[in-house]
1. Taking residue 106 as the residue in question, decide whether it is more than 14 Å from residue 134 (Cα to Cα) and surrounded by 19 or more Cβ atoms within 10 Å (Cβ to Cβ).
2. Does residue 84 satisfy the criteria of being in contact (Cβ under 8 Å) with a residue 60 or more places away in the chain, surrounded by 13 or more Cβ atoms within 10 Å (Cβ to Cβ), touching a helix residue (DSSP H, G or I) at 6+ places or on another chain (Cβ under 6 Å) and under 20 Å from residue 73 (Cα atoms)?
3. Go through the residues of segment 122-140 one by one and say whether even a single one is farther than 28 Å from residue 62 by Cβ, buried (at least 16 other Cβ atoms within 10 Å of the Cβ) and at pLDDT 95 or above.
4. Going through 19, 75 one at a time, which residue ends up being surrounded by 18 or more Cβ atoms within 10 Å (Cβ to Cβ) and modelled with pLDDT under 90?
5. When residues of segment 129-150 are filtered for being under 12 Å from the mean Cα position of the chain (by Cα) and over 21 Å from residue 174 (Cα atoms), how many remain?
6. What pairs can you find where one residue is in segment 44-62 and without any contact (Cβ under 8 Å) to a residue 24 or more places away in the chain, the other is surrounded by fewer than 15 Cβ atoms within 10 Å (Cβ to Cβ) and assigned to a helix (DSSP H, G or I), and their Cβ atoms are less than 9 Å apart, with a gap of 6+ or different chains?
7. Restricting attention to segment 153-178, report how many residues are buried (at least 16 other Cβ atoms within 10 Å of the Cβ) and more than 15 Å from residue 142 (Cβ to Cβ).
8. In the list 117, 145, which residue meets the criterion of being in a loop (DSSP other than H, G, I, E, B), in contact (Cβ under 8 Å) with a residue 60 or more places away in the chain and touching a strand residue (DSSP E or B) at 6+ places or on another chain (Cβ under 9 Å)?
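The values are calculated or read from the model by the stated rules, or taken from the named source; none is laboratory data. None of these values were measured; they are calculated from a predicted model. Neighbour counts are summed over all protein chains in view; Cβ atoms, including those assigned to glycine, are modelled from backbone coordinates with ideal geometry.
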């Protein structure tokens, strides 16, 4: 490895670096380290679309908003900000957290849909980041097993409940909202 490659690999990036990238490559920034994002598979997009539609329809006329990727979530802010994630879906009820670039701080709800290239990161690193940031509800959707792990934040820790493709899930942060998994996993 050349010396400049070693220096590049060891470099920590900031939010300013994230904004100043001049290419169209999608990536997340976690603790200053770039994590490239692959193009989602068709099934992944179908699941994301169906969950988005159900949340969007429920939220019509309500103060909360749902957004789908690509949508930047800056979990760390300020001059030393070094973590910018792109969840598959987010629900934000405190609209003061929104700016033209995405969300500043923790969304109320995050949905990540597993893929071979992201599953470990979604279940470990992002799990910890979302919990530490105060994301109240974090869903991990597994297209292969047709299951959803719902993590609810209580006293700074996530408590988890598992659902299968025949269940409907009440959204904890949206009273009265229920997501139909038979519709999500219909394909």
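1. Answer is no for this residue.
2. yes
3. Within segment 122-140 (the criterion being farther than 28 Å from residue 62 by Cβ, buried (at least 16 other Cβ atoms within 10 Å of the Cβ) and at pLDDT 95 or above), the answer is no, since none of the residues qualifies.
4. Going through 19, 75 in turn, just one is surrounded by 18 or more Cβ atoms within 10 Å (Cβ to Cβ) and modelled with pLDDT under 90: 75.
5. 1
6. 53/183
7. Final tally of qualifying residues: 7.
8. Criteria check complete, one pass: 117.
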